[in-house]
1. For the stretch 247-257, enumerate the residues that are over 19 Å from Pro197 (Cβ atoms) and open to solvent by less than 10 Å² (accessible area, probe 1.4 Å).
2. If the requirement is being out of contact with any Leu (no Cβ under 7 Å at 6 or more places or on another chain), within 13 Å of the ligand (Cβ to nearest atom), over 14 Å from Ala91 (Cβ atoms) and not polar (S, T, N, Q), which of these qualifies: Asp58, Asp53?
3. Go through the residues of the stretch 281-292 one by one and say whether even a single one is without any contact (Cβ under 8 Å) to a residue 40 or more places away in the chain, open to solvent by 20 Å² or more (accessible area, probe 1.4 Å) and not in a helix (DSSP H, G or I).
4. Output the number of residues of the stretch 216-246 satisfying the condition of being part of a helix (DSSP H, G or I) and buried (at least 21 other Cβ atoms within 10 Å of the Cβ).
5. Does any residue of the stretch 103-111 turn out to be assigned by TED's automatic domain parsing to the domain that holds Ala145, out of contact with any Pro (no Cβ under 8 Å at 6 or more places or on another chain) and surrounded by fewer than 16 Cβ atoms within 10 Å (Cβ to Cβ)?
6. Could you give me the residue pairs with C-beta distances under 6 Å whose first residue belongs to the stretch 243-268 and is in the same structural domain as Ser297 (by TED's automatic domain parsing) and over 15 Å from Ile301 (Cβ atoms), whose second residue is assigned to a loop (DSSP other than H, G, I, E, B) and hydrophobic (A, V, I, L, M, F, W, C) wherever it lies, and which are 6+ apart or on separate chains?
7. Please determine, by comparing only the residues of the stretch 178-210 that are small (Gly, Ala, Ser) and either at pLDDT 95 or above or not in a loop (DSSP other than H, G, I, E, B) (or both), which one is most open to solvent (accessible area, probe 1.4 Å).
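The values are calculated or read from the model by the stated rules, or taken from the named source; none is laboratory data. Because the structure is a prediction, the values reported are computed rather than measured. A quick note on method: Cβ atoms are made from the backbone with ideal geometry, for glycine too, and the neighbour counts reach across all protein chains shown. The protein model used for the area step is the full one, side chains on, heavy atoms only, and it has no ligands, DNA or RNA in it. Shrake-Rupley method; radii C 1.70, N 1.55, O 1.52, S 1.80 Å.
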Amino acid sequence: MAITNRNLTWDDISLTSKLLGAGHFGEVRKGTVIVDGERIPSAIKILKHGADDASTQDFQQEVDIMRHVGYHPNIINLLGVCIYQGQQYMALEMAANGDLLNVLRNSRVQKGREQAYPGNRSDSGALTVSTLSPVQLLRIACDVATGMAHLSSKEVIHRDLAARNVLLTDSLIAKVADFGLSRGDGIYEQTSKRAIPFRSTAIEALTLRIYTTQSDVWSFGILLWEIVTLGGTPYSGMKSRLLLRRLREGYRLPKPRNCEADLYQVMLLCWRTCPEDRPTFTDLVKQLDSMIDDKHSYVDIDKDDDFEYEVVDSDDSDNDGINDAFMV
Ligand code: AMP
């Protein structure tokens with residue numbers, strides 16, 4: 001079915017009471033929309049009543065960017081928009097498996113125990129296994145790189161690429177989501193003060209506030225690390241200022257024990273200090289595709305690792321990198 005985005009009428013939309021999530025400008029509800037005479041599942045973003053100008057602008061910007069980007073199987077596509085009784089609705093393709101960070105963490109199983117995540121952190125020496133195979137993990141990474149190659153071909157910079165901003169369909173196809181921070185100018189210099197997700201942000205964006213597709217590539221390297229560690233928290237326990245100092249000195253996330261050297265090498269290329277020295281998303285797609293094809297296991301999910309990951313719903317955790325965000 002061709003996914004098109006159009007102006008929907010209120011009759012095309014059916015909303016359920018199931019809340020899928022809450023964004024900064026409103027809520028996201030499960031529903032359906034009629035596209036080309038067919039009723040299909042949809043995640044419907046609703047701009048909250050009395051939203052301030054900034055939220056209204058962000059909402060409109062998200063619609064504009066999705067329209068500019070056009071359809072791609074590895075991004076969340078816009079089905080249509082609707083204004084009804086002064087309320088704005090944005091109908092998005094449904095990604096039934098939710099966000100990648102949760103999928104990775106929920107895939108963890110302690111060998112010899114019944115309990116999967118969430119549960120107690122593993123005793124030292126316990127084996128962590130995943131319900132996802134190494135090929136499935138690489139496939140997800142390749143899907144994300146493919147979606148990002150499309151965004152970069154449209155000169156759109158994501159600026160907040162991370163596992164929590166990738167959604168998975170019921171058949172585990174990964175789709176890049178959350179264009180809220182995106183800019184469509186090829187290069188973006190941030191002039192206003194705002195919180196940034198420092199754990200996944202490129203060194204030049206932290207220091208100079210310069211964002212390019214190549215700074216998205218840095219974030220992709222962190223996302224690859226999140227995939228391999230089944231939702232580990234990058235630089236766990238390290239505060240933003242110390243991290244920035246150490247990154248400047250050349251420090252990078254260490255190789256997870258369950259990660260093959262060649263795959264870690266891909267991460268290190270994404271974290272090169274000079275943005276031009278990093279691979280492009282097209283290079284990354286080729287590299288990951290060939291790793292998937294050659295049947296060698298680049299991720300050993302039977303191996304224990306000693307990375308730390310933080311609980312998803314804890315009130316005081318900084319797992320989204322925003323709560324202890326770094327102001328630049
Ligand atoms: P956002 O405002 O885009 O950050 O969305 C908030 C939350 O709503 C996300 O973290 C997801 O859990 C959920 N969500 C957003 N879009 C979708 C979608 N297309 N399919 C399923 N869940 C979604």
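1. Residues of the stretch 247-257 that are over 19 Å from Pro197 (Cβ atoms), as a first pass: 249-250, 254-257.
The one that is over 19 Å from Pro197 (Cβ atoms) and open to solvent by less than 10 Å² (accessible area, probe 1.4 Å): Pro256.
2. Numbers: Asp53 fails: within 13 Å of the ligand (Cβ to nearest atom).
On inspection, the qualifying residue turns out to be Asp58.
3. Let us first name the residues in the stretch 281-292 that are without any contact (Cβ under 8 Å) to a residue 40 or more places away in the chain, namely 283, 286-287, 290.
Subsequent filtering for residues that are open to solvent by 20 Å² or more (accessible area, probe 1.4 Å) retains 283, 286-287, 290.
Pick out the ones that are also not in a helix (DSSP H, G or I) and you get none.
No, there is no match, as no residue in the stretch 281-292 is without any contact (Cβ under 8 Å) to a residue 40 or more places away in the chain, open to solvent by 20 Å² or more (accessible area, probe 1.4 Å) and not in a helix (DSSP H, G or I).
4. Just the residues of the stretch 216-246 that are part of a helix (DSSP H, G or I), to begin with: 216-228, 240-246.
Imposing the further condition that a residue be buried (at least 21 other Cβ atoms within 10 Å of the Cβ) reduces the set to 216-228.
Result for the stretch 216-246: 13.
5. Yes - at least one qualifying residue is present in the stretch 103-111.
6. Listed pairs, sorted by first residue: Arg252/Trp271.
7. In the first step, residues of the stretch 178-210 are kept if they are small (Gly, Ala, Ser); the result is 180, 182, 184, 186, 192, 195, 200, 202, 205.
Add one more test, that the residue is either at pLDDT 95 or above or not in a loop (DSSP other than H, G, I, E, B) (or both), and what stays is 195, 200, 202, 205.
Working: Ala195: 40, Ser200: 10, Ala202: 1, Ala205: 0 Å².
Per the stated criteria, the residue is Ala195.
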